[in-house]
Amino acid sequence: MQNFSYYNPTRILFGQGQIAAIAGQIPAGAKVLVTYGGGSIKKNGVYDQVKAALKDHPWLEFGGIEPNPRYETLMRAVALVKSEGVDFLLAVGGGSVADGTKFIAAAARFDGAEPWDILAKHAEVKSAVPLGVVLTLPATGSESNTFAVISRESTGDKLAFGSEHCYPQFAVLDPQTTFSLPPRQVANGIVDAFVHTMEQYMTYPAEAPLQDRLAESILKTLIEVGPQTLASPQDYAARASQVWSATLALNGLIACGVPQDWATHMIGHEITAEFGLDHAQTLAVVLPGLWRNRRVEKHAKLLQYAERIWGIHDGSEEERIEKAIVATEAFFESLGVHTHLGLYGVKDAALAPQKIAARLEAHGFTKLGEHGSVMPAVVREILASRL
């Protein structure tokens, strides 16, 4: 197991009725900006709960943050934070709202001339406006980590950043707030959490048996409760397990002391930017292809995964690995998340291998994966197998 340090200051408020508790988490007298997406929170009762919780605070709101939060939109919120003297940000929504709010928090206190440099040039984030999250869509784990992915419409870029200053101070996880989600969003969230876990698990043995089993417990839980919560959206127990799994998949805990991959995510970001697919859809397309392409590097962990997650013991090692990959594809498909670009009706899908590899090269991402072996030629091979 490798050396590591672990720090996560986010306080989790989990369970029914916990939105009311945010009043005690925000400093008295702080002026709050509530951020949200398309307005579903005003239809499902979450907005009213937040409004009641903030009754003793001055607050205003900023809606319209997109599913892939756009820099142009977020900079309007940054201007509002500055002009109104906002002291605290409260993101109410899913991972995109949380991601966008992290960027607003960092950009509002950025001392450079161009806040996009935080993403494009990895400019240092020296401070950020404090923030909290009321989660309504379990998927990204953004409610309890430092990371955010932001798109820029004018350039077609989709880039990530992370800063310890952007940890949410608290996160409300009330499974009931997710009951009204459309099936597509629920399924995407399951796939997203599953692949987050895989990026920290499916690498190579690192003498970290506890970390492996923590990751495996998340995977097995998602396989079990994913179909349940899709079939019965108001099954509180199943949805609660999904919500908690998504948080644990990317709050830093299972990453401690182990190598990480993230090639699937980096490739997936470029597919979203180029073709507009949902983030989780891109992950479902790329992951099986990447495993088949890198099966020699990931051989030991693929065999472990086949045995521990899918109970596959019969056949040669290569046969067991292939069965595990096929089982993973079948799991994604059972959720309604397709695993080949052609199934999404992507225009000019045949050009994807060249286009996506070129985009990665343009951004300097030419040595991806735990070994730095996923180079542009490999990306082209992977995507050619997923058309």
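The values are calculated or read from the model by the stated rules, or taken from the named source; none is laboratory data. All of these numbers come straight from a predicted model, not from anything done at the bench. Glycine gets a Cβ as well: all are built from the backbone with ideal geometry, and neighbour counts include every protein chain shown.
Among the candidates T155, T136, T140, single out the residue that is among the β-branched types (V, I, T), more than 17 Å from the chain's Cα centre (by Cα) and assigned by TED's automatic domain parsing to the domain that holds T73.
That would be T155, the only listed residue that is among the β-branched types (V, I, T), more than 17 Å from the chain's Cα centre (by Cα) and assigned by TED's automatic domain parsing to the domain that holds T73.
Grab the helices (runs of 4 or more DSSP H) fully contained in the stretch 289-387, keeping just those with 3 or more residues being hydrophobic (A, V, I, L, M, F, W, C) and under 23 Å from the mean Cα position of the chain (by Cα).
317-334, 352-362, 376-384
Going through the stretch 306-328 one residue at a time, which ones are under 29 Å from P233 (Cβ atoms) and crowded, with 18+ Cβ neighbours inside 10 Å?
I309, W310, T328
Across the stretch 145-158, what is the number of residues that are under 30 Å from I26 (Cα atoms) and touching a helix residue (DSSP H, G or I) at 6+ places or on another chain (Cβ under 8 Å)?
6
Among the residues of the stretch 111-135, count how many are out of contact with any helix residue (DSSP H, G or I) (no Cβ under 7 Å at 6 or more places or on another chain) and assigned to a loop (DSSP other than H, G, I, E, B).
Of the residues in that region, 9 qualify.
Would you check which residues across the stretch 343-379 are touching a Pro at 6+ places or on another chain (Cβ under 9 Å) and of a type in the set (G, A, S) and list them?
Hits for the stretch 343-379 are A357, A358.
Taking the conditions exactly as written (closer than 30 Å to M75 by Cβ, crowded, with 24+ Cβ neighbours inside 10 Å, assigned by TED's automatic domain parsing to the domain that holds F110 and in contact with a Cys (Cβ under 8 Å, 6 or more places away or on another chain)), does A148 satisfy them or not?
yes
Quick check on my filter: what residues within the stretch 286-327 are of a type in the set (V, I, T) and either over 29 Å from Y344 (Cβ atoms) or in contact with a helix residue (DSSP H, G or I) (Cβ under 6 Å, 6 or more places away or on another chain) (or both)?
Result: V286, V296, I309, I312, I321, I325.
Results for (1) buried (at least 22 other Cβ atoms within 10 Å of the Cβ); (2) modelled with pLDDT of 95 or more; (3) part of a strand (DSSP E or B); (4) not basic (K, R), shown as yes or no for each residue.
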position: Y47; (1), (2), (3), (4): no, yes, no, yes
position: V50; (1), (2), (3), (4): yes, yes, no, yes
position: P67; (1), (2), (3), (4): no, no, no, yes
position: M75; (1), (2), (3), (4): no, yes, no, yes
position: S83; (1), (2), (3), (4): no, yes, no, yes
position: L90; (1), (2), (3), (4): yes, yes, yes, yes
position: K102; (1), (2), (3), (4): yes, yes, no, no
position: A105; (1), (2), (3), (4): yes, yes, no, yes
position: R109; (1), (2), (3), (4): no, yes, no, no
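Regarding D56, is this residue in contact (Cβ under 8 Å) with a residue 24 or more places away in the chain and touching a strand residue (DSSP E or B) at 6+ places or on another chain (Cβ under 9 Å)?
no
Name the one entry in V243, V296 that is farther than 27 Å from F179 by Cβ and not basic (K, R).
Step by step, each of V243, V296 is checked, and only V296 is farther than 27 Å from F179 by Cβ and not basic (K, R).
Could you tell me whether any residue of the stretch 264-282 is on the phi > 0 side of the Ramachandran plot and either assigned by TED's automatic domain parsing to the domain that holds E322 or in a helix (DSSP H, G or I) (or both)?
yes
Being surrounded by 24 or more Cβ atoms within 10 Å (Cβ to Cβ) and out of contact with any Leu (no Cβ under 9 Å at 6 or more places or on another chain) is the filter here, so list the residues in the stretch 126-145 that pass it.
A139
Can you run down the residue pairs with Cβ atoms below 9 Å, 6 or more apart or on separate chains, where the first is in the stretch 337-349 and assigned by TED's automatic domain parsing to the domain that holds P227 and loosely packed, with under 12 Cβ neighbours inside 10 Å and the partner is modelled with pLDDT of 95 or more and among the charged types (D, E, K, R)?
D348/K355
Answer yes or no as to whether L159 is in contact (Cβ under 8 Å) with a residue 60 or more places away in the chain and closer than 13 Å to N251 by Cβ.
Answer is no for this residue.
Output the residues belonging to the stretch 163-200 that are in the same structural domain as V225 (by TED's automatic domain parsing) and closer than 17 Å to N145 by Cβ.
If the condition is that a residue be in the same structural domain as V225 (by TED's automatic domain parsing) and closer than 17 Å to N145 by Cβ, then G189, D192, A193, F194, V195, H196, T197, M198, E199, Q200 are the ones that fit.
Pull out all pairs, ordered by first then second residue, where Cβ-Cβ is under 6 Å, the residues are six or more apart or on different chains, the first lies in the stretch 296-322 and is in contact (Cβ under 8 Å) with a residue 40 or more places away in the chain, and the second is surrounded by 16 or more Cβ atoms within 10 Å (Cβ to Cβ) and outside any loop (DSSP other than H, G, I, E, B).
Cβ pairs passing all conditions: L302/I321; Y305/A324; R308/E216; I309/L219.
Among (1) of a type outside the set (S, T, N, Q); (2) farther than 16 Å from K298 by Cα; (3) loosely packed, with under 13 Cβ neighbours inside 10 Å, which single condition is G372 missing?
(2)
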